[in-house]
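Student: Could you have a look at this structure, given as structure tokens, before my questions?
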Amino acid sequence: MTLRHTQAALPMLILLALAAGVALAGDTLKEVGADAELAKRVKITKGSSPNEKGEGPTPHLAKLDAPPKRVALVSFYLVDPGKSTGSYYSSVRTFHWLTKDGASHFADRLYQQGLAGLRESLGRHGMELLTHDQFLDSDEKRRAYNDYELKQSMAVRLLLGAVGNVVKAANSGKKIDQSAVAPGYRLLPAHVGPADPTVGQSLNELREALGVDALLIVKNGLVSDEKNVHFADVQVMLYGPNPIAKKEGVMYVQYKEGQCYVDAILALKKPAEVAAFKKKAIAKEDYSGYEAVLAAAADRAMAFVAEKIAEQ
């Protein structure tokens, strides 16, 4: 099973923004996870003030009586944007990225390492985390989940298409397999425009079909090169129904029945190594500390939701 790709390509200026060498070799993931100040490094994406009619992308969480109880983890995935080596001024640059099998392997390892801590984090805020084997408890729900397609706004689709085309062109027409999910999950890339109203509305349809109170999506950022795989960041997104119900006889312009309650990201100052390759095979891997990193991001995210609810 091949775990990583290597591809030579002519240099392109725009790639400096897409795959131009991230500074690697930071602290180990275990050292990062042991940082007592870890929670303070979590960044919450804050939008505009909530609308009293429930319109716009920012949910009026103060209108909720309590945090959502049953939360389904509907997507746990990783993204590897690839990393280039060689001088920009040379005639050829070499690009490295994980194959689909490789990305799936690392997604599974991170999931196994972080699940217990994630469940405990939500539990501390009165939420029950449901994994795919728990919320897919009927044929109807399994069909709804497996057939579901995440809808995104035209702006987000255009952005994804533009980035994909540039990366493909730079790699001699070969598409990079940069995303993969943990076994049992669907790839729902909400991290591209998490507050996109179309995404919130679309995910609310899935939430209703699954019969849960909210949906949780976890995105992990990895960076691979010719020798190593480094963990870069984790993003936690919680989606739920609009706290303000739509009323008959009221004129709405930007009302959506589903919204992003919180978007939290914990990015490492420098990516931490989690695996090393030897002849394209994994020679060593260690994910110790990831559970603390994921738990810190989830804790801060759910605390934010609780704080906003308490403002009522």
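Student: When the Kirkwood hydrodynamic radius is evaluated over all pairs of different C-alpha atoms of the range 192-312, what value in angstrom, to one decimal, is obtained?
Tutor: Working: mean 1/r = 0.0594 Å⁻¹.
Radius from the Kirkwood sum: 16.8 Å.
Student: So which of LYS151/LYS246; LYS46/LYS246; LYS69/LYS308; LYS40/LYS270; LYS141/LYS256 end up more than 19 Å apart by C-alpha? Show your work: numbers first, answer last.
Tutor: Details: LYS151/LYS246 21 Å; LYS46/LYS246 24 Å; LYS69/LYS308 16 Å; LYS40/LYS270 16 Å; LYS141/LYS256 23 Å.
Table pairs above 19 Å Cα-Cα are LYS151/LYS246; LYS46/LYS246; LYS141/LYS256.
Student: Please list the three semi-axes, largest first and in whole Å, of the ellipsoid equivalent to the range 256-302, using sqrt of 5 times the eigenvalues of its alpha carbon gyration tensor.
Tutor: Details: eigenvalues 201, 36, 18 Å².
They are 32, 13, 9 Å, listed from largest to smallest.
Student: Given the peptides 189-200, 269-280, arrange them by the average over their residues of other C-beta atoms within 10 Å, most packed first.
Tutor: Values: 189-200: 21.0, 269-280: 16.7.
Output ranking for 189-200, 269-280: 189-200, 269-280.
Throughout, read-outs are computed from the coordinates displayed, never taken from laboratory work. None of these values were measured; they are calculated from a predicted model. Backbone-built Cβ (ideal geometry, glycine too); neighbour counts: all protein chains shown.
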